[in-house]
Amino acid sequence: PVNTIIKYLPPKVTDKEIVEEEEMPTIEEIKVNEVGSENIEGDATDVVFDEPVQQVVADAGNDDDKIFTVVEQQAEYPGGMAEMMKFLQKNVKYPAAARRMGIEGSVFVSFVVDREGKISDPQIVKGISADCDREAMRVVQLMPPWKPGKQNGRSVKSRFVLPIKFKLAT
């Protein structure tokens, strides 16, 4: 079907004699056709791209080394958060020196999950003591490969910050 859009001209109030520059659409034409800023005739399914599609797709493929901090689908521990909590409970050993000094809190470890799910570049973002920080780093490096984060349907490198809580039993 052909879709026609007619130009809507707002009324002008002047003292001069009316000289028709463009023909004003009738009310019937306005009811039947869509109104826009200019007259257009053509197929409603016509799509016009301002830039070549191939170039856009080629530009999107250059994210191989880019590390995303926000992705459409976040990287995930295999089995989800519940399985990760079980892994942490099983593998985190409270450092004896921190236990004696009564040190409690959360160590925030930042790491990169690559496109294959491997963990790399672990760093302490916020620590509570040298012993607890080392233990958190050790446990993160023990983790199995994750499900990688996805951006535009493709696996990408993404940064993940994991809080590991150290709390003494009372």
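Within the range 115-148, find all residues whose amide N lies under 14 Å from a label point positioned 7 Å from the Cα of Arg99 along Cα-to-beta-carbon. Output list for this probe position: 132. Computing FRET efficiency as 1/(1 + (r/R0)^6) for Arg154 and Gln123, where r is the C-beta to C-beta distance and R0 is 22 Å, gives about 0.30. Taking amide H atoms as placed 1.01 Å from N in the peptide plane, the amide H of Asn3 lies under 5 Å from those of Gly42, Asp43, Ala44, each 5 or more residues away in sequence or on another chain. In this structure, the amide hydrogen of Lys126, modeled 1.01 Å from its nitrogen in the peptide plane, lies closer than 5 angstrom to those of Phe108, counting only residues at least 5 positions away or on a different chain. Can you give the FRET efficiency to the nearest 0.05 for Asn3 and Lys147, using r as the Cβ-Cβ distance and R₀ = 41 Å? The formula returns an efficiency of 0.35 here. The gain in end-to-end length when the Thr14 to Ser106 segment is fully stretched comes to 25.7 nm, 0.36 nm per residue minus the alpha carbon separation.
Taking the alpha carbon gyration tensor of the range 110-156, multiplying each eigenvalue by 5 and rooting it gives semi-axes of 25, 11, 6 Å, largest first.
Computed extension length for Ala130-Lys31: 28.2 nm, one decimal, from 0.36 nm per residue of separation with the Cα-Cα distance subtracted.
Here, each number is a calculation from the coordinates, and none is a lab measurement. Note that the structure is predicted; figures quoted are calculated from it, not measured. Cβ atoms come from the backbone with ideal geometry, glycine included; neighbour counts cover every protein chain shown.
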